[in-house]
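Accompanying notes for the structure given below.
The values are calculated or read from the model by the stated rules, or taken from the named source; none is laboratory data. In this text the structure is predicted, and so the values were computed from the model without any measurement. Glycine also receives a Cβ, built like all others from the backbone with ideal geometry; neighbour counts cover every protein chain displayed. To get the accessible areas, we keep the full protein, side chains included, count just its heavy atoms, and leave off ligands, DNA and RNA. Shrake-Rupley method; radii C 1.70, N 1.55, O 1.52, S 1.80 Å.
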Amino acid sequence: MKTVKRRNFLKIFASIGIFGTMAGQTAYALVKSFFPKARYEPPQRFKVGSAYQFTDGPNFLAKHRIFVIKEGNKFHALSSVCTHLGCNVTFNKLAKTKNVTVRGKEIEEKWEFNCACHGSKFYGDGTPYTGPAPTPLPAYEVSVSAVDRKLIVDKNIVVDSGQRFTV
Amino acid sequence: MTNDTDMKKLAERETLKILILGFVILVLVGVMMWKEARSEWRQYQQGFIKVLQEHTDPSSDPGKVASGVKQIYLPRANRVDRCQTCHLGIDSKGLEKAPLPYLTHPEPTITWIHPIERFGCTLCHEGQGYALTKAEAHGDVSRRLWPKPILPKEFLQASCGKCHNPDLMEQDAPKLFAGKRLYKEKGCIDCHKIGSVGGSIGSEHTDLARFSISYLLESVMNPTANDPGSAMPNLGFTEEKAKALLVFMLSLDKTYIPYKYKTVLQQ
Amino acid sequence: MGVWNRLSDKIVSGWDAAASLQKSDAIDRIFWIHFIPTDNDVTRESYSIRYSLYLGTIVAVIFTILCATGFMQMMRYVPSVERAYWSVKDLQFIYPFGWFIRDLHRISAYLMIVFVVLHLCRTFYTGAFKKGGRKKTNGWINWMTGILLLVLTLAMAFTGYVLPWDQVGFWGATIGTNIIKSIPVIGDWLRYFVLGGNELGQNFLIRIYAVHVLLLPLLTVLFISYHFWRNRKDGGMACEDNLPVDTAQGTESGQTVSGLQKDEALKRTPMFLKRLIWVSLATTAFAILLTLFVSLPLNAPANPVMAENPAKAPWFLLWLQELVASTTISVGQYRINGGFVGGMVIPGLLLTWLALVPFFDNSPPEATGVWFHRSRLRQNILFTIILLAIICLIFFTYFCRGPNWVFFWPWEVWPEVH
């Protein structure tokens, strides 16, 4: 009697083990199959051009949906994708510079960013001040290529919005 | 308690409803077929027969010319133009004085250099080549539905600038040439940027063709009209001057035009 | 292995050839009885238009129209980013009656949403989800199936909106997928899973296409069938719950459409079938009528760089759009994205509440299958308020939100934006 029970238990245990693992494997493969290994879209790390090609202020790169912002010989890159629900923000040049206090620091700003979809507005450094956007526009790392001295933006690396790259 | 005759009456009423509704659907489907048969372009094609006989040989039979949707397919330029479905006489002789939309393309030299079968219509004229109703094809609809309406004749030379260098077009496209000169004279490039050239005080001018003409005109003549915070001074454009400038501005179009269409220019 | 024996018996026992033939013959004959009752089963009350308004029938008919027109469109539509928009234009202009197929599909989709919601209201106001006095009824199972069908309907409508790849569809999809992204912790991964990349593109379009034309309709067919079948097994409409019970026979004694007592042996269907037919015809006629006189043109082709301003969602999602735009909240130093609150939490709570309503309903069994029963006044008022709030939000967002999502009165003219 006891051996039968034990055999039964083993059988159930084995079938759960075998079919459970099988189901797990299948589920893993199924989900994984939805992630292509390469994508037909602009790369996350890319060259944006030589420093001299940019003009002072935000330069919108539609393909990558970023602003490359030039101030003299200092560069930084801001995402143009609204942190609320992903519409494209447009930059709005201010007629008169405005002094605002952002995170305890007083800065003078010449432009702002607006999102048309749900009315979010951002200060020049990407900090939201009205509308539903929850977080600042992320700033991406800017570096320079050793080969042709072109600027490189890496969307994988988010940096502090105060960080500048000097050419 | 209902008796049998009541039930029969009820059943008959239900049958009647089925018949009536069946008839209603019959009529509605009839209306649908009528709408398809009476499409706008078919009516234009019917009108063409009369016009053709009036202007050319009265016994001429347009036959196949005026039947069915006509289409120019330009796979390289990614364009499909069905304009000739209504503009039937565009390359016919004898229809030079016919009324719109049947008349021959004015200025035959331009269609000689830019053959219609190779360039289609919308590469120069804009509008919606896919559409088969007048309003949609000409873009006389909300800009939300179609962003590039047909270019009015006074701005048409803007399209030359999509391939040709405006500076070399003094004879061939004088309006475009004048517009470019005005753009240079006023020093627009100091504040505005085209491609990677120009200043960054004003807005970018790389793809101005996506805006409506009325908006551009207003912005040129009165910079603060559309953007109260604009730093641009009022340059005192008269409407005439502004329009000349606009011809050049509208030629700043990022729409892809394949190299093949520009090969002749390189030689 | 008693379990296995019993299970295998159930699966394999049909493989006796003679018995199997008999069975399938029987199934053939009684198949429809599981879906459509005979005149002997339909009581006068269930039969009346006044009680059920035949809303469920109408939805089923509209769904059939959608399947038919959808299939016609499948053979003309190209699910590629480059061709999608233009193939819809071709459908509109160069396929004979293509405009009719497309418009009928779209109008029917709108009608389906409207009638599904009306059907939901009818079920709620009549308390049809209640257990009632009859034996073996499980109204709440069908109620939950109905909620699932509502979600499926909205999902089909949303995915269908994306397919033409015009401005509204593209930006609707952008906002929709970013609502997914706003889910804490797994949001980014989930969005990547849905998009098959970091941006909306070919991978996303073809996925949405497969889901829209195969997965969702298949599930809908399954659950609609179950919905019908469940209703039959529950003994018909909830209104029959209040029929007096024949004490002598232990059966409900209501008079049926056939004029006979319920459950009497004679089986015939003409009356009820006739009514179903003319309701179907009326629905079809209404959909065609709207199609002929309402035109729904495509928007401009998708422009991944510039959204329309204002970029508005399709009308049935406008209330959600207003919610996501105004529910970003701060908790301490954390800011919670309105996309998550308004796009996930609030609709999720509403659906949960709807699904659980049968379990919190304390009204007496007499309230089952009666329009606006006194004892259910409070929940009816709550339901109406939520419904009206959603409708008001839709109208508000449609008429009062202008460029940059700024408030305008409906009579004010929006400034031109570019």
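For residue A:94, nonlocal amide neighbours, meaning residues 5 or more places apart or on other chains whose placed amide H falls under 5 Å from its own, are A:111, A:112.
Dividing the convex hull volume of the alpha-carbon atoms in the protein assembly as shown by its residue count gives 273 Å³ per residue. For segment C:309-403, the C-alpha radius of gyration divided by 2.2 N^0.38 Å, with N the number of residues, is 1.38.
Once divided by 2.2 N^0.38 Å, the Cα radius of gyration of segment B:59-217 becomes 1.20. My understanding is that a pair violates if its Cα-Cα distance is over 26 Å; which of A:74/B:254; A:150/B:254; A:150/C:181; A:37/A:63 do that in this structure? The answer is A:74/B:254; A:150/C:181. Once the Cα atoms are used to define both axes, helix C:17-30 deviates from the longest principal axis of chain C by about 70 degrees.
Residue C:334 contributes about 150 Å² of solvent-accessible surface, heavy atoms of the protein only, 1.4 Å probe.
In order along segment A:154-167, phi translates into HN-Hα couplings of 10, 6, 6, 10, 8, 10, 5, 5, x, 6, 10, 10, 9, 8 Hz, rounded to whole numbers, per the Karplus curve 6.51 cos²θ - 1.76 cosθ + 1.60 with θ = phi - 60° and x for Gly and Pro. Taken over segment B:1-146, the percentage of Cα pairs per 5 Å bin, counting from 0 up to the bin with the maximum distance, is 2, 8, 13, 15, 14, 11, 7, 5, 4, 4, 4, 4, 3, 3, 2, 1, 1, 0.
A straight line joining the Cα centroids of segment C:202-236 and segment A:120-167 runs 45 Å. Residue-normalised convex hull volume from the C-alpha trace of segment A:45-166: 105 Å³ per residue. Percent of C-alpha pairs per 5 Å bin in segment C:86-179, short distances first: 3, 11, 15, 16, 14, 12, 10, 7, 5, 4, 2, 0.
Helix A:2-32 and the long axis of chain A differ in direction by around 30°, with both axes built from C-alpha atoms.
As a test of reading the structure, rank B:232, C:237, C:75, B:169 by solvent-accessible area (1.4 Å probe, protein chains only), most first. Before the final figure, lay out the partial values.
Working: B:232 65, C:237 40, C:75 115, B:169 20 Å².
From most accessible down to least: C:75, B:232, C:237, B:169.
Report the local net charge at residue C:363: Lys and Arg +1, Asp and Glu -1, summed over other residues whose C-beta lies under 12 Å from its C-beta. After counting each charged neighbour, the total is +3.
Calculate how steeply helix C:55-74 sits against the longest principal axis of the alpha-carbon atoms of chain C, using the helix alpha-carbon long axis, and give the answer as 0 to 90 degrees to the nearest 10. The angle comes out near 50 degrees.
If you scale each eigenvalue of the Cα gyration tensor by 5 and take the root, what three semi-axes come out for segment C:320-362, rounded to whole angstrom and sorted largest first? Intermediate results must be reported in sequence, preceding the final value.
Working: eigenvalues 140, 29, 8 Å².
They are 26, 12, 6 Å, listed largest first.
Only helices enter this figure: runs of n ≥ 4 DSSP H residues, each worth -39500 (n - 2.57), summed and divided by the residues of chain C, yield -18000 deg cm²/dmol at 222 nm to the nearest 500. Using a Gaussian network model of chain C whose springs link C-alpha atoms within less than 10 Å, name the residue from C:329, C:180, C:394 with the highest mean-square fluctuation. Top of the fluctuation ranking is C:329.
How much of the accessible area of chain C, probe 1.4 Å, is carbon plus sulfur, in whole percent?
Working: 14400 of 20590 Å².
Within chain C, the accessible surface is 70 percent carbon and sulfur.
Which one, C:153, C:56, C:286, is farthest towards the positive end of the dipole of chain C when Lys and Arg carry +1 and Asp and Glu -1 on their Cβ? The residue sitting most towards the positive pole is C:56. If you bin all the Cα-Cα distances of chain C at 20 Å, starting from zero, the percentages per bin are 21, 50, 26, 3. For residue A:98, the aspartates and glutamates whose Cα falls under 12 Å of its own Cα, not counting residues fewer than eight places away in the same chain, are A:106, A:108, A:109, A:112. Calculated over segment B:158-266, the projected area of the Cα convex hull averaged across directions stands at 7.0 nm². In chain C, excluding the sites themselves, the longest stretch lacking any of the trypsin sites (Lys or Arg not before Pro) that are in a DSSP loop with at most 13 other Cβ atoms within 10 Å is C:269-418. Accessible surface for chain A, divided over its residues, is 58 Å² per residue with a 1.4 Å probe.
Working note: Karplus 6.51/-1.76/1.60 with θ = phi - 60° gives segment A:63-72 the couplings 4, 9, 6, 9, 10, 9, 10, 10, 10, x Hz, where Gly and Pro are set to x.
Rounded to the nearest whole angstrom, the semi-axes of the ellipsoid equivalent to chain B, taken from the Cα gyration tensor as √(5λ), stand at 50, 29, 16, largest first.
Here are some pairs, C:130/C:233; A:121/B:193; B:153/B:260; A:70/B:193; B:162/B:262; which of them have Cα atoms lying more than 18 Å apart in this structure? Mind showing how you got there, number by number?
On the way: C:130/C:233 15 Å; A:121/B:193 25 Å; B:153/B:260 26 Å; A:70/B:193 14 Å; B:162/B:262 10 Å.
The pairs that break the limit, which is 18 Å between Cα atoms, are A:121/B:193; B:153/B:260.
If you take the accessible area of A alone plus C alone and subtract the pair, what total do you get in square angstrom, rounded to 100, with a 1.4 Å probe?
Numbers: alone 11270 and 23490 Å², together 32280 Å².
Between A and C, the summed buried area is about 2500 Å².
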